[in-house]
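Asks: Provided herewith is a single structure, encoded as C-alpha cells, for subsequent inquiry.
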Amino acid sequence: MHYETIFQEIYHELQSIENIGRVADYIPELADVNPDQFGVHLTTVEGDEFSFADAEKRFSIQSIAKVFTFVLAYSRVKSSIWDRTGLEPAGTPFNSLVQLEYDQGTPRNPFINAGAIVICDILASELASPKENILSFIRSLTGVNTINYNPMVALSEKKTGFRNHALVNLMKSFGNIRNDIDMVMDIYFHICSIEMSCRELSKAFLFLANNGVVPYSGERILSASRTKRTNALMQTCGFYDEAGEFSFKVGLPGKSGVGGGIVAVHPEKYTIAVWSPRLNKKGNSYKGMLFLEEFTTKTRLSIF
Ligand code: GLN
C-alpha cells in the first residue's frame, strides 16, 4: 500500500479542520513547543517504513513511556504485577485521585499516573540502576543509543507534580509503595521526560505487533501471551477516559502522551506513531486522533 500518499492525503484533509486543541502548558518546556508541527511514521513487521513530515523530530513522549516501564516490570515480575495494580479501565482523568482511596491504594491500571508510579516502585526494587536500565531497554528496542531523558523537563515535572506527589503519598499510606517516595518519583518524572521521534517510537513498539519479539534483533521481550495482554491493556486503558472513543474511532490498541504523541499497534501487521502537539480536553492529541481515525478507515487496517 502507498502509505505515504495516504498520509499526505489525510494531512491535507485535516488542514481544513480548525485545530481546537491546546498544547499542554503545565510546564514551560511543553508550553513553548511549536504547536503546528506534525509527524507520522509507520513500520511494518516485515521492516518496511513509511514517513511523513516531522517524523524524525524528537518530542516529549510523556505517558507513552508508561508502556516501556510496564513491559519491563511485567517481563520481570510476571503475574505478581497484578497484586500491585488492577487491569480495568479507570474512566477517570490520568491524574485523578478519586478512585484511589476507594480502591485502597491500588490503581485501576498501569497506564494512569498512579499505576505508572507503582510500576516505577516495582522497577526501583527490581533493577540495579532503574533510570539507566530503563533507558538501555528503550535504546535496545530501537537500536538508537542517543535516546535520552531531558533533565530540564524532569525537573519541571518535579516542581509542578503536586497531584503526582499526592498520588504516591496516598498509595504509600496504603502500603502500596515499597521504596522511598522521592526515589520512586525521580524515576517517574524522568520517564515523563524521555524524548523520541515518531520513527523511533514506531520501531520501539514493533515487538508488540510481532508476538513479543523485536523483528530486527530477534530478541524476545515478552511471551506471546503477555504481548496479547499488553495490547489488550492499551486497547482498554491507553487513552484514560477516552479509551472507549479511541477504540470506537481508530480501532487499535495504543498509548498517548501529553506531548501530543500517540503510538498504535496492529498485531501481526504494523505500528504507527503520530505527533501533533495540540491536545483535546482529555489530554490526547486532537489531530493525532483524527489522523489515525482517517487512516484506519481509509486503509481498513484496524483490528475490528
Ligand atoms: N507528565 C505528565 C503527568 O505526570 C504525564 C501525563 C500524560 O502524558 N498523560 O501528569
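The values are calculated or read from the model by the stated rules, or taken from the named source; none is laboratory data. Fair warning: this is a prediction, and the values are worked out from it, not measured in the lab. When we count neighbours, we look across all protein chains shown, and the Cβ atoms used for this are built from the backbone with ideal geometry, even at glycine. These area figures cover heavy atoms from the full protein model, side chains too; ligands, DNA and RNA do not enter into them. Shrake-Rupley method; radii C 1.70, N 1.55, O 1.52, S 1.80 Å.
Asks: Just to be sure before I move on: is Ala55 surrounded by 21 or more Cβ atoms within 10 Å (Cβ to Cβ) and in contact with a His (Cβ under 6 Å, 6 or more places away or on another chain) in the structure I sent?
Replies: Spelling it out, Ala55 is indeed surrounded by 21 or more Cβ atoms within 10 Å (Cβ to Cβ) and in contact with a His (Cβ under 6 Å, 6 or more places away or on another chain).
Asks: Find the residue count for the stretch 58-76, including only residues that are open to solvent by 10 Å² or more (accessible area, probe 1.4 Å) and of a type in the set (D, E, K, R).
Replies: Count: 2.
Asks: Still on this structure, I have one more. So, in the stretch 186-204, exactly how many residues are hydroxyl-bearing (Ser, Thr, Tyr) and more than 12 Å from the ligand (Cβ to nearest atom)?
Replies: Total meeting the criteria: 2.
Asks: A further question on this structure: Within the stretch 68-84, is there a residue that is in a loop (DSSP other than H, G, I, E, B) and away from the ligand (no atom under 16 Å from the Cβ)?
Replies: The answer is yes, given that some residue of the stretch 68-84 is in a loop (DSSP other than H, G, I, E, B) and away from the ligand (no atom under 16 Å from the Cβ).
Asks: Just to be sure I understand, how many residues within the stretch 139-169 are more than 16 Å from the ligand (Cβ to nearest atom) and either in contact with a Pro (Cβ under 9 Å, 6 or more places away or on another chain) or open to solvent by less than 50 Å² (accessible area, probe 1.4 Å) (or both)?
Replies: The total comes to 4.
Asks: Right, next: Sort out for me the strands (runs of 3 or more DSSP E) sitting completely within the stretch 245-286 that have 1 or more residues that are open to solvent by 10 Å² or more (accessible area, probe 1.4 Å).
Replies: In the stretch 245-286, 261-266 are the strands (runs of 3 or more DSSP E) which contain 1 or more residues that are open to solvent by 10 Å² or more (accessible area, probe 1.4 Å).
Asks: Moving on to the next point. Restricting to the stretch 6-35, give me the number of residues that are free of Cβ contacts under 8 Å to residues at least 24 places away in the same chain and in a loop (DSSP other than H, G, I, E, B).
Replies: So the count comes out to 4.
Asks: Working only within the stretch 238-252, note down all residues that are at pLDDT 95 or above, within 13 Å of the ligand (Cβ to nearest atom) and in contact with a strand residue (DSSP E or B) (Cβ under 9 Å, 6 or more places away or on another chain).
Replies: Gly238, Phe239, Glu242
Asks: For the stretch 85-121, what are the residues that are part of a loop (DSSP other than H, G, I, E, B) and open to solvent by less than 10 Å² (accessible area, probe 1.4 Å)?
Replies: Thr85, Gly105, Pro107, Asn109, Pro110, Phe111
Asks: Say whether the condition of being of a type outside the set (Val, Ile, Thr), under 24 Å from Ser140 (Cβ atoms), within 16 Å of the ligand (Cβ to nearest atom) and open to solvent by 10 Å² or more (accessible area, probe 1.4 Å) is met by at least one residue in the stretch 210-226.
Replies: Within the stretch 210-226, not a single residue is of a type outside the set (Val, Ile, Thr), under 24 Å from Ser140 (Cβ atoms), within 16 Å of the ligand (Cβ to nearest atom) and open to solvent by 10 Å² or more (accessible area, probe 1.4 Å).
Asks: Separate question: Condition test on Leu252, is it in contact (Cβ under 8 Å) with a residue 40 or more places away in the chain and under 17 Å from the mean Cα position of the chain (by Cα)?
Replies: yes
Asks: Can you pull out every residue in the stretch 253-294 that is more than 14 Å from the ligand (Cβ to nearest atom) and among the β-branched types (Val, Ile, Thr)?
Replies: Scanning the stretch 253-294 gives Val265, Thr271, Ile272, Val274.
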